[in-house]
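Structure record follows, encoded as structure tokens.
The values are calculated or read from the model by the stated rules, or taken from the named source; none is laboratory data. All values derive from a computational prediction rather than experimental measurement. Backbone-built Cβ (ideal geometry, glycine too); neighbour counts: all protein chains shown.
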Amino acid sequence: MIEPVLPGATLGMLGSGQLGRMFALAARQMGYRVHVLSPKIDTPTGQVADREVVADYDDLDAVREFASHVDVVSYEFENVPLATLQAIEDCGVPGRPSGRVLETAQNRIREKTFLRDAGFPVAPFQVIASEEDARQADAQLVPGVLKTASFGYDGKGQAKIQTLEELPTVWTGSFLQDCVLEQLVDFELELSVVAARGVGGEIYCYGPMENLHSRHILDISLCPARIPKPVADRAIELATAVMDQLQVVGVLCVEMFLDRSHQLLINELAPRPHNSGHLTIEAHRTSQFEQQVRAICHLPLGSAEQLRPAAMANLLGDLWRQKDPDWMAACQDPAVKLHLYGKHTAKPGRKMGHLTALGATVEEARLAVEAARQRL
């Protein structure tokens, strides 16, 4: 029998960005202590954690020492080395989600192969691991997108391919690593479903979020998504099935395309809370971060009921280009909530914080959050 990790225990977090920060805030509210490990000091998570361990993820001696002081470990990004998670589990400390989930989600080839072989809807794709693969690619996959198998996010590690003839040049010139060539999806919109699965297999899904991007970076998320109910039900059905297939314990986000024929295609998986789920802090009975705490600690999951329509807008480092943003102006609307992540340096494209607004309708919430950001 798996024993619950009760309040008063110490939770370990690998990774020290904003997702770890919001996890730590939720955990401390529930009475847990939080230790974080990452290669940097005075991090967004470290600023609110009880202990900040500064070490490389492949420093396994430091990892084992870290594990000796915690009761369960989770992570805020999928590129944690598998050896790190194995070293923690060798100390008798569970890592949740498991190494199998991490291994699948941190590599696009494994991820897309798992989804396709399990019968989930994905865009047609082909592995490109050599110049010969690039020269012999399937003509039906162009126009398409060439994506690196690892370490791609926010549009990084991707290139549009218009013709087969340009593929070998792009691969040899910019990539030179394992990639997937994926058929370009003519999509109507992008969705995400954040879901939590407990140790006992219970699953709670948040309603689909509609995601609007700018420069390949998430700009605004809306919930509920502006889609027909059958599409929303299908999205939740897919996310639930993925959680069960992978036996996830924790939180996972399933990102999807809705194509022009109103069919859903799974784009990628994130085995952690997700940027689009930040609005759950204000808009839902239980936030995605509290849900992460509950799931990894073998507590009953919280209700995923949405209380009011909501919109979330990212605050990127571009806003700091000339001077500090006008926080007083942004907070003029009492319906708008400000979240800043404690990052010391603002850079273009870097996620520095977000705004969330609630409204009687999702459109009202969107207008409020966009107006607040504009006032910055």
### Message
Of the residues Ala270, Ala311, only one is buried (at least 21 other Cβ atoms within 10 Å of the Cβ), over 23 Å from Phe77 (Cβ atoms), touching a helix residue (DSSP H, G or I) at 6+ places or on another chain (Cβ under 8 Å) and modelled with pLDDT of 95 or more; which?
### Response
Ala311
### Summary
Given the conditions (1) out of contact with any Pro (no Cβ under 6 Å at 6 or more places or on another chain); (2) surrounded by fewer than 22 Cβ atoms within 10 Å (Cβ to Cβ), every one holds for Val180 apart from (2)
### Summary
Given the conditions (1) farther than 22 Å from Glu166 by Cβ; (2) crowded, with 16+ Cβ neighbours inside 10 Å; (3) among the basic types (Lys, Arg), every one holds for Arg108 apart from (1)
### Message
Going by what's in this entry, would Gly157 be described as farther than 30 Å from Arg308 by Cα and touching a strand residue (DSSP E or B) at 6+ places or on another chain (Cβ under 6 Å)?
### Response
yes
### Summary
Pairing a residue in the range 165-183 that is over 14 Å from Leu141 (Cβ atoms) and in contact (Cβ under 8 Å) with a residue 40 or more places away in the chain with any residue that is buried (at least 17 other Cβ atoms within 10 Å of the Cβ) and of a type in the set (A, V, I, L, M), where Cβ atoms lie under 6 Å and the two sit 6 or more apart in sequence or on different chains, gives Asp178/Ala149
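Any residue at all in the range 279-289 that's part of a strand (DSSP E or B) and surrounded by fewer than 21 Cβ atoms within 10 Å (Cβ to Cβ)?
No, every residue in the range 279-289 fails to be part of a strand (DSSP E or B) and surrounded by fewer than 21 Cβ atoms within 10 Å (Cβ to Cβ).
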### Message
Any residue at all in the range 123-141 that's under 24 Å from Val293 (Cβ atoms), in contact (Cβ under 8 Å) with a residue 24 or more places away in the chain and part of a loop (DSSP other than H, G, I, E, B)?
### Response
no
### Query
Quick one: what pairs do we get from the range 310-337, first residue farther than 23 Å from Pro208 by Cβ and in contact (Cβ under 8 Å) with a residue 24 or more places away in the chain, second surrounded by 12 or more Cβ atoms within 10 Å (Cβ to Cβ) and of a type in the set (Asp, Glu), C-beta under 7 Å, 6+ apart or different chains?
none
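Conditions tested, residue by residue: (1) among the charged types (D, E, K, R); (2) surrounded by 22 or more Cβ atoms within 10 Å (Cβ to Cβ); (3) outside the structural domain of Ala232 (by TED's automatic domain parsing); (4) under 21 Å from the mean Cα position of the chain (by Cα).
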| residue | (1), (2), (3), (4) |
| --- | --- |
| Val142 | no, no, yes, no |
| Ala149 | no, no, yes, yes |
| Lys156 | yes, no, yes, yes |
| Thr172 | no, no, yes, no |
| Ala195 | no, yes, no, yes |
| Gly200 | no, no, no, no |
| Leu212 | no, no, no, yes |
| Arg215 | yes, no, no, yes |
| Asp219 | yes, no, no, yes |
### Query
Can you name the residue in the range 328-376 that is of a type in the set (A, V, I, L, M) and part of a strand (DSSP E or B) and is also nearest to Ala313 (Cα to Cα) among such residues?
Leu355
### Task
Return the total of residues in the range 55-83 being touching a residue at least 60 places away in the same chain (Cβ under 8 Å) and hydroxyl-bearing (Ser, Thr, Tyr).
2
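Of the residues Thr356, Thr361, only one is of a type in the set (Ser, Thr, Tyr), touching a strand residue (DSSP E or B) at 6+ places or on another chain (Cβ under 7 Å) and either over 21 Å from Phe77 (Cα atoms) or assigned by TED's automatic domain parsing to the domain that holds His213 (or both); which?
Thr356
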### Query
So which residues in the range 143-197 are part of a helix (DSSP H, G or I) and of a type in the set (Phe, Trp, Tyr)?
Trp171, Phe175
